[in-house]
Amino acid sequence: MTLLLAPMEGLLDFVLRDILTRVGGVDRCVSEFIRINDTLLPERVFVRCVPELLQGSKTTSGVAVRPQLLGSDPQCLADNAACLAGLGAEGIDLNFGCPSPVVNRHRGGSALLDEPEMLFAIVSAVRQAVPAQVPVSAKMRLGLHDDRRAEACALAIEAGGASEIVVHARTKQDGYRPPAYWHRIADIGAVVQLPLIANGEIWSVADALRCREVSGCQRLMLGRGMVANPALALAIRAHDAGHVTPVALSWPALLALLDQFWQLVVQHLDKEQQTGRLKQWLNLLRRVDPQAQAAFMAVRTFHQPHDVALWLAAQHKALEAHG
């Protein structure tokens with residue numbers, strides 16, 4: 001079994017990757033997309049988006065990070081992929097799934113799912129541009145407005161030389177609305193030979209088990225479910241190992257993660273982004289942890305980093321007082 005941590009633009013960046021991979025259970029991460037237009041980006045741009053490149057393409061805890069590229073110019077994507085390979089990237093991932101209207105208007109992300117021939121051109125150009133030992137993978141949705149071309153798109157990606165495909169089991173039109181159509185991943189698996197990784201609506205161990213059953217995939221990519229429950233990957237592994245007791249993080253353990261997260265946020269992000277990033281994570285954490293709900297209600301009106309620092313200090317003092 002392989003468990004991947006999903007790329008999520010504006011949420012699951014290098015800061016949260018660092019924190020979530022400290023918890024454990026994740027085999028590999030994929031970065032948020034790096035948009036490629038018509039130029040070869042300077043190395044500093046790649047490092048800014050994927051600072052793990054400076055430490056062997058791994059997070060602080062040693063989990064591999066694969067940079068993801070988004071664009072529609074095969075040669076330009078190939079040139080940038082070659083640059084990333086030269087920087088020691090663990091692999092190259094290609095984004096054929098982003099549902100953003102802005103991205104789609106510029107013929108990026110899921111907009112390309114109406115053009116299987118372009119998917120083939122992009123994957124094959126990138127595959128030829130990077131050394132053979134550097135994997136090239138892709139992430140796709142089931143389609144743009146419908147899923148009629150899902151199999152054709154996957155076959156085009158396979159023919160281009162990709163080593164694996166992550167399938168987010170919804171169309172662009174579906175956005176992030178439940179359900180995820182895991183059975184369509186099984187349909188794709190019936191026509192392609194390369195490994196498929198199932199993605200979409202995996203919030204719990206029960207979801208993971210059902211997804212594997214319906215999709216036929218042992219490999220899973222976790223996104224919002226892992227952000228809401230940082231122990232989700234560990235819990236899935238524990239279930240597979242036959243452990244009866246569910247794996248979950250206590251509030252003190254979660255608070256320690258929030259503290260580490262905040263330190264990285266203050267260190268790396270602009271001041272105007274800092275409190276918003278904490279609220280954003282707590283907003284997902286409260287789906288699983290009632291104390292995270294109370295924490296979200298406490299910090300939702302904060303706008304100054306100083307207020308967050310005081311709140312965190314008070315939380316730790318309260319825990320110490322209770323032994």
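Per residue and in cubic angstrom, what volume does the convex hull of the Cα atoms of the range 112-163 have? Mind dumping the intermediate values first?
Working: hull volume 3.0 nm³, N = 52.
Value for the range 112-163: 58 Å³ per residue.
Could you work out Rg/(2.2 N^0.38 Å) for the range 251-321, with Rg from alpha carbons only?
1.02
Which number do you get for Rg(Cα) / (2.2 N^0.38 Å) in the range 69-205?
Working: Rg = 14.2 Å, N = 137, 2.2 N^0.38 = 14.3 Å.
Against the compact-globule rule of thumb, the ratio is 0.99.
What is the distance, in nm, between label points placed 7 Å from the Cα along the Cα-to-Cβ direction at E9 and at Q173?
Here the modelled spin labels are 2.1 nm apart.
How long are the semi-axes of the ellipsoid equivalent to the range 1-152, from square roots of 5 times the Cα gyration tensor eigenvalues, in whole Å, largest first?
Details: eigenvalues 115, 65, 40 Å².
Semi-axes, largest first: 24, 18, 14 Å.
With 10 Å bins from zero, work out the P(r) of the range 10-96 over every alpha carbon pair and list the percent per bin.
In order of increasing distance, the bins hold 18, 53, 24, 4 percent.
Tally Lys/Arg at +1 and Asp/Glu at -1 over every other residue whose Cβ is under 14 Å from the Cβ of S61; what's the total?
Working: positive: R17, R22, R28, K58; negative: D18, D27, E52.
That works out to +1.
Taking the Cα-to-Cβ direction at H306 and at A248 and moving 7 Å from each Cα, how far apart do the two end points lie in nm?
3.8 nm
What FRET efficiency comes out for A190 versus R48 if R0 is 51 angstrom and r is the Cβ-Cβ distance? Round to the nearest 0.05. Walk me through the numbers on the way to the answer.
Values: r = 41 Å, r/R0 = 0.80.
Between A190 and R48 the formula returns 0.80.
What does the extension gain come out to for T39 and E320, with contour length at 0.36 nm per residue minus their alpha carbon separation?
On the way: separation 281, 0.36 × 281 = 101.16 nm, distance 5.40 nm.
Going from the current span to full extension adds 95.8 nm.
Determine the distance separating the Cα centre of the range 224-282 from the Cα centre of the range 1-78; give it in Å without decimals.
Cα centroid to Cα centroid, the span is 18 Å.
Which translational diffusion coefficient, to the nearest whole µm²/s, is obtained for the range 159-281 from the Stokes-Einstein equation, given a Kirkwood hydrodynamic radius over C-alpha pairs, 37 °C and 0.692 mPa s? Let's see the in-between values first.
Details: Rh = 16.6 Å.
The estimated diffusion coefficient comes to 198 µm²/s.
So what J values fall out for the range 143-160 if you push phi through Karplus, 6.51 cos²θ - 1.76 cosθ + 1.60 with θ = phi - 60°, rounded to Hz, Gly and Pro as x?
Computed from phi, the couplings for the range 143-160 are x, 8, 9, 8, 9, 5, 9, 4, 5, 4, 5, 5, 5, 5, 5, 4, 4, x Hz.
Over the range 59-117, with a single point scatterer placed on each C-alpha, what log10 of the ratio I(q)/I(0) does the Debye formula yield at q = 0.21, 0.30 1/Å?
Results for the range 59-117 at q = 0.21, 0.30 Å⁻¹ read -0.84, -1.17.
Between V266 and K279, what is the label-point separation in nm under the 7 Å Cα-to-beta-carbon projection?
According to this spin-label approximation, the distance is 1.9 nm.
In square nanometres, what is one fourth of the surface area of the convex hull spanned by the alpha carbons of the chain? Intermediate results must be reported in sequence, preceding the final value.
Working: hull surface 65.8 nm².
Average projection, Cα convex hull of the chain: 16.5 nm².
All of the numbers you see were taken from the coordinates with simple rules; none came from a lab. These figures come from a predicted structure and were not determined experimentally. Neighbour counts are summed over all protein chains in view; Cβ atoms, including those assigned to glycine, are modelled from backbone coordinates with ideal geometry.
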